[in-house]
1. On a 0 to 90° scale, report how tilted helix 183-196 is relative to the longest principal axis of the chain, with both axes built from alpha carbons and the result rounded to the nearest 10.
2. Which of 174, 100, 193 ends up with the largest GNM mean-square fluctuation for the chain, with Cα atoms connected below 10 Å?
3. On a 0 to 90° scale, report how tilted helix 153-165 is relative to the longest principal axis of the chain, with both axes built from alpha carbons and the result rounded to the nearest 10.
4. Please compute, for the alpha-carbon atoms of the range 1-63, the extent along each of the three principal axes and give them in descending order in Å.
5. If you fit an axis through the alpha-carbon atoms of helix 102-112 and take the longest principal axis of the Cα set of the chain, what angle between them do you get, 0 to 90°, nearest 10?
6. Could you give the longest part of the chain that holds none of the chymotrypsin sites (Phe, Trp or Tyr not before Pro) found in DSSP loops with at most 16 neighbouring Cβ atoms within 10 Å?
7. Under a Cβ-Cβ cut-off of 9 Å, what is the net charge of the residues other than residue 52 that fall near it, where Lys and Arg count +1 and Asp and Glu count -1?
8. Efficiency by 1/(1 + (r/R0)^6): what FRET value for residue 243 and residue 191, r their Cβ-Cβ distance, R0 = 22 Å, to the nearest 0.05?
Amino acid sequence: MEASLGASILDVRDVSIAFDGFTVLDGLRFSMRRGELRFLIGPNGAGKTTLLDVITGKSKPSAGHVFYDGHVDLVGRREAEIVRLGVGRKFQTPAVFRSLTVSQNLMLAAGFRHGLRGLLRPLEHQRAAHVRRILAEVGLEGKAAAPAEALSHGERQWLELGMLLVQDLQLLLLDEPVAGMTRAERDRTGELLQRTAQHRSVLVVEHDMAFVRQFGSTVTVLHMGKLLAEGPVEAVQADPRVIEVYLGRGHAKGRSRPESEGN
Ligand SMILES: Nc1ncnc2c1ncn2[C@@H]1O[C@H](COP(=O)(O)OP(=O)(O)OP(=O)(O)O)[C@@H](O)[C@H]1O
Ligand SMILES: [Mg+2]
């Protein structure tokens, strides 16, 4: 699939973090190679979103390091700096500018990574061409002039993914990108992720095992802030420890989370 799975793009070393005395990540070790599409699963509260918070600088661990691209430690850096280094994140709920059009959202996002300098650079036409390519990549060419608030739930998720893609990031972190999507929207998102991962490294937090199974990717299982299991999806699904803590509770058949969040 990938042309070259290369050196380490992400190396989380012995990261710990606690909130109000409750340990959420517990000496976690986790790594990914450049060009990988990796899935991160685990029960509610396992620490998946917190791991993304630590990688992106939103939360600071009490111990450990997060090496990006081999040697750059992300711990202690500001969120904006981490984006500039090439790491971007999509949250569980979409964050787009609702009253702006799809293209306007993408044009704005194209300038994010380079801050004001990016917005003021006299390269408007280049950016517009880039935005058109991304519109095609996420399948929203027909909606370019529509305000973001007129999009369906699935379309809004694709717009948000486009807003990451347009920034030319190296490592994308996606938190439950197919939550609340219809079957057809999930299929399209699956294709989009495959394409996206051809040129970038992508870490996807996902509860939907049916969705995860369609990729021949490595799956990492997090449990109580530690790595519980890692390997091909079939091996992970057959692992008694994983069945015990996670898959046994209704995820094995590919259902999404048991307590539906309703969005
Ligand atoms: N900023 C914070 N302040 C206090 N507690 C937090 C904070 N962030 C996370 N937690 C707690 O850490 C634990 C792990 O949460 P986290 O959101 O990382 O789990 P998760 O694996 O993403 O779960 P889910 O599958 O439900 O999204 C939870 O008990 C949560 O309440
Ligand atoms: Mg979460």
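1. For 183-196 against the chain, the angle is about 80 degrees.
2. 100
3. It is inclined by approximately 80 degrees.
4. 44, 23, 18
5. Compared with the principal axis, the helix lies near 70 degrees.
6. Value returned for the longest uninterrupted segment is 98-263.
7. Local charge sum for residue 52: +1.
8. 0.15
Throughout, read-outs are computed from the coordinates displayed, never taken from laboratory work. Because the structure is predicted, anything quoted here is derived from the model rather than measured. We place every Cβ from the backbone using ideal geometry, glycine too, and count neighbours over all the protein chains shown.
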